[in-house]
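The values are calculated or read from the model by the stated rules, or taken from the named source; none is laboratory data. Remember, predicted model here, so these are calculated numbers, not experimental data. Cβ sites come from the backbone with ideal geometry, for glycine too, and all protein chains shown count toward neighbours. Accessible surface is based on the protein model in full, side chains and every heavy atom, while ligands, DNA and RNA are left aside. Shrake-Rupley method; radii C 1.70, N 1.55, O 1.52, S 1.80 Å.
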Amino acid sequence: MSSGSAIVAGVGPEQGLGAALARCFAKNGLHVFIFGRSEDRLHRVASTIQRSGGAVTPIAADVTIENSVQSLFDQIRARCDRIHVAAYNVDSNIPAPFLETSTETFTNLWQQNCLGAFLFAKQLMSIMQAQKQGTVFFTGATASLRARPPFTAFATAKAGLRALAQGLAREFSPQGIHVVHTIIDGVIDGDRARQQFPEFVQAKGVDGLLELDAIAQTYWAIHQQPRSAWTHELDLRPYKEIF
């Protein structure tokens, strides 16, 4: 049984933020539980961590289904004594003009970006409340703050995630739980961007994208903050990004 653990929900490609966070937490000595929908991707990320000497448990699951989330946390409770840090990094975006946005698309985006975070937090907070400590990150986006077409449905879901994080921070910070909402204001230099819009990536040039390890290092630094000076919300962007 592990005495120090981390959780990352939303682990996909090896060159993605979820995987980078998992590697960072493992590098700092924590046993990392990683969640995602693709067993193949999870096992590739887990193998990379294990080759570097880290401890990791991959669990394939859909965090938008309540019974699935309950099962995930039952497994975690059986394998570890304490959760030091967790990250809800599930991200899904489907651009579409408003009148072309189906009810199914709107619902799916809300379920993945917001409802899943609620289900995740409900399990996690009960554990951290008993511990009287812990850090939980919710990964947001530029759309968390403002909605622009063709991303209205995505922005609605991310704004809901931000509101959830605010409510949790106000309720649980006095109990010793550090709740953090991060606004990723820019494009992450990962597999998704390089595969879906390579010309845009090339046009951004050197230092034009957010580096995965740099983001992960920032999460870890925030996790280590003294209680007298906690950050609840921060935005991250390349130095030459216009905002």
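A few notes on this one:
- With all protein chains kept in place, the per residue accessible area of the stretch 21-179 amounts to 47 square angstrom at a probe of 1.4 angstrom.
- Formal net charge of residues neighbouring G134 (Cβ-Cβ distance under 15 Å; K, R +1; D, E -1): +3
- When Cα extents along the principal axes in Å is calculated for this entry, the matching label among (1) 50, 43, 31; (2) 61, 42, 30; (3) 48, 38, 37 is (3).
- Size of electric dipole in the chain: Cβ of Lys, Arg +1 and of Asp, Glu -1, about Cα centre, debye, nearest 20: 520
- Three-way shape label, the stretch 138-197, alpha-carbon gyration tensor, a/c 1.5: oblate
- Dipole of the chain computed with +1 at Lys/Arg Cβ and -1 at Asp/Glu Cβ about the Cα centre; of L164, L30, Y88, farthest Cα towards the positive end is L30.
- In this structure the amide hydrogen of A86, modeled in the peptide plane, comes within under 5 Å of the amide hydrogens of I7, T135, V136, F137, none closer than 5 places in sequence on its chain.
- When the pairs K158/K240; K27/K204; K122/K240 are compared against a 27 Å limit on Cα-Cα distance, K27/K204; K122/K240 fall above it.
- Selection from Y219, G10, A61, by position along the positive dipole direction of the chain (Cβ): Y219
- Computed about the Cα centre, the dipole magnitude for the stretch 1-53 is approximately 100 debye when only Lys and Arg (+1) and Asp and Glu (-1) carry charge, each at its Cβ.
- Between the helical axis of 116-131 and the longest alpha-carbon principal axis of the chain there is an angle of about 30 degrees.
- Most fluctuating residue given options F200, F151, F172, as computed from a GNM of the chain linking Cα atoms under 10 Å: F200
- F98 contributes about 140 Å² of solvent-accessible surface, heavy atoms of the protein only, 1.4 Å probe.
- Between Q15 and Y239, the FRET efficiency from the beta-carbon distance, with R0 = 25 Å, is close to 0.70.
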